[in-house]
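To start, the structure itself, in C-alpha cells.
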Amino acid sequence: MRMKLSGKIALVTGAAGGIGSSTALCLAGEGATVVLSDCDREGCIAVQNQILELGGSASVITADVTKEQEVVGLFAELNASVGSLDILVNIAGGDREPVADVDAIDYDSMSRNLDLNLKSCILFCREAVRVMRSRRYGRIINMSSLVYRGSPGQFSYSAAKGGIFSFTRSLAMAVGKDNITVNALAPALVDVPVFERVLGAERWKAMSSDAASRYPMQRIATPDDVARAALFFASDDASFITGQILEISGGARL
C-alpha cells in the first residue's frame, strides 16, 4: 500500500521537542523526507538517527526561529540541499511568561513570547510560500494552542496563539489559489518531557492529573495525538480543508 506522503519533502520546526520529534517520526513513517530544525542540534540528530534506523530519510538544519536572517538562511540551505518543499509544520514555540498577573506583564518576556510563537510562524510561512507557490502545491500546519480561546495568567502566550489562528486564516485566503492549504492545531495540555524538567516530577504529576480529571476523555494528550493530526492536514486526505483550527483537547472546554 502506498504511503500517504511518498515523495514529499517536509520541514518540521521544534523537531527536537516532544511534539516535534513525534511529528517528524510520524511524517517519515508515511514516506516523507523530513528536514528537522531546532536550536537543539543534538536533539535533532537523535531524531534523525531514529528516522534513519527505521528506514526513513531525514536531514538537520538548525536555526534560531526568532532571528529573521537565520530563518532566511535555513530556507537557502534547504533549497540548496533538497531543492523543494511540500509540507511545513511550525511547532517551535513555548511560553516565556507563564502565570503572570496582568499588572506584572514584563515587556521583554512578552516580546520573547511574540517573537518565539507568532513572529517565527509568520516568517516560516512567508519563506515556505515563496517555495511552494512556484510548484503550485503546499501543506502548511501551524501550532496554536487551546489557549487561543483565552487563558488568565497567560496573556502574551494566548495572544500569540490567537494570532497564529488569525494569521492561518488570512494566509489560507491568500494562497488557496496556489493549491496551498494552511491549517492550525490547538492542543490542550500535552505530556511532553519539558514540563517535568521545568516543574519537577511531583508538581507535573499533580498538574497533569488535575487537568486529566477535568477533560471528558480523562487523560491529557500525548505527542502522538498531535502528530497524527498534523499528518492528516499534511496528507491528501485534507486536500480541501484550509483555514481551520483543530482542537486536540479530549473534549476540554466544550
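Values in this text are rule-based calculations from the coordinates and carry no lab data. Computed from a predicted model, the values in this text were never measured in an experiment. Here Cβ is always computed from backbone atoms with ideal geometry, including for glycine, and neighbour counts include all displayed protein chains.
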Item to check | the chain: angle of helix 223-234 to the longest principal axis, Cα-based, in degrees nearest 10 | outcome: 40 degrees
Item to check | Most mobile listed residue (Ser59, Ser213, Ser84) in the chain, GNM with C-alpha springs under 10 Å | outcome: Ser213
Checklist entry - Taking the chain as a Gaussian network, where each spring joins two C-alpha atoms under 10 Å apart, which residue of Arg197, Arg219, Arg139 fluctuates the most? => result Arg197
Item to check | Cross-link partners of Lys8 among lysines (Cα-Cα below 17 Å; sequence separation of 8 or more within a chain) | outcome: none
Checklist entry - Over all distinct alpha-carbon pairs, what is the Kirkwood Rh of segment 1-74 in angstrom? => result 12.1 Å
Checklist entry - When the Cα atoms of the chain are enclosed in a convex hull and the volume is divided per residue, what value in Å³ results? => result 130 Å³
Checklist outcome for this item: Computed for segment 1-72: size of charge dipole around the Cα centre, +1 on C-beta of each Lys and Arg, -1 on C-beta of each Asp and Glu, debye to nearest 20, value 380 debye
Checklist entry - Over what distance in Å are the Cα centres of segment 53-76 and segment 86-139 separated? => result 15 Å
Next on the checklist: Between helix 68-81 and the chain, what is the angle of the helix's C-alpha long axis to the longest principal axis, kept within 0 to 90° and rounded to the nearest 10?
Outcome noted: 40 degrees
Checklist entry - Which value in deg cm²/dmol, rounded to the nearest 500, describes the helix-derived mean residue ellipticity at 222 nm for the chain, given -39,500 (n - 2.57) per DSSP H run of n ≥ 4 and division by the residue count? => result -14500 deg cm²/dmol
Next on the checklist: Give me a comma-separated list of calculated 3J(HN,Hα) values for segment 188-202, in order, Karplus coefficients 6.51, -1.76, 1.60 applied at θ = phi - 60°, integers in Hz, x for any Gly or Pro.
Outcome noted: 7, 4, 10, 7, 10, x, 4, 5, 5, 5, 7, 8, x, 4, 5
Item to check | Simple Cβ-charge dipole of the chain, Lys/Arg +1 and Asp/Glu -1, about Cα centre, in debye nearest 20 | outcome: 880 debye
Checklist outcome for this item: Computed about the Cα centre, the charge dipole of segment 128-254 from +1 Lys/Arg and -1 Asp/Glu charges at the Cβ has a magnitude in debye, to the nearest 20, of 460 debye
Next on the checklist: Looking at the chain as a GNM with Cα springs under 10 Å, which of Leu52, Leu11, Leu189 has the largest mean-square fluctuation?
Outcome noted: Leu52
Checklist entry - Which aspartates and glutamates have a Cα lying under 12 Å from the Cα of Lys67, excluding residues fewer than 8 positions away in the same chain? => result Asp115
Next on the checklist: 5 Å is the cut-off here: which amide hydrogens, built 1.01 Å from N in the peptide plane, fall below it relative to Ala58, excluding neighbours closer than 5 in sequence?
Outcome noted: Val34
Item to check | Which of Thr66, Leu116, Ser144, positive extreme of dipole for segment 40-162 (C-beta unit charges) | outcome: Ser144
Checklist entry - Any idea how far apart Arg133 and Ser81 come out in nm if each label point goes 7 Å out from Cα toward Cβ? => result 2.5 nm
Checklist entry - If the cut-off is 30 Å between C-alpha atoms, which lysines fall inside it for Lys205, apart from same-chain ones fewer than 8 positions away? => result Lys161
